[in-house]
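**Student:** Sending over a structure as structure tokens; questions will come in a sec.
Derivation of every value follows stated rules applied to the coordinates shown; laboratory data play no part. Computed from a prediction, not measured in an experiment: that's the story for all the values here. Counting neighbours? That spans all protein chains shown, and the Cβs are built from the backbone with ideal geometry, glycine included.
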Amino acid sequence: MEGTQKGAQLIDGLTQPGKWNYSMLRLVSHFVAKGEADSAIQAIARSWTQSNFIPEQTRKEVQTAINGARKKGFDRSVGGCEIQRADGLKFLSLDELVNEPPLRR
């Protein structure tokens, strides 16, 4: 699926019952990976509040997602190159990484 089409689907998902959380997490992860500041992401997310929630609830949910994305390293690069992210990619802690078998060449 092309990136802009997927982005449009995620934005559309923000208004559909049962799809808000999934869409919000993916969009926040995208913005964190692109290097956006928390304040910029929060400004974008103001319009994401659903009718049965208050803006403060949305702000808290979005900040939790931002913090999680940063903790997982979405905002880091390796060797000066941006890391590409994909759904389903497993992130390892340093302890898990140490226990991984060596790569075969």
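**Student:** Among 57-69, 40-52, how do they line up by average Cβ neighbours within 10 Å per residue, starting with the highest?
**Tutor:** Values: 57-69: 16.7, 40-52: 13.7.
The peptides rank, most packed first, as 57-69, 40-52.
**Student:** Taking 0.36 nm per residue of sequence separation and subtracting the Cα-Cα distance, how much length would be gained by fully extending the chain between Arg70 and Ile44, in nm to one decimal? List each step's numbers first, then the result.
**Tutor:** Values: separation 26, 0.36 × 26 = 9.36 nm, distance 1.75 nm.
Length gained between Arg70 and Ile44: 7.6 nm.
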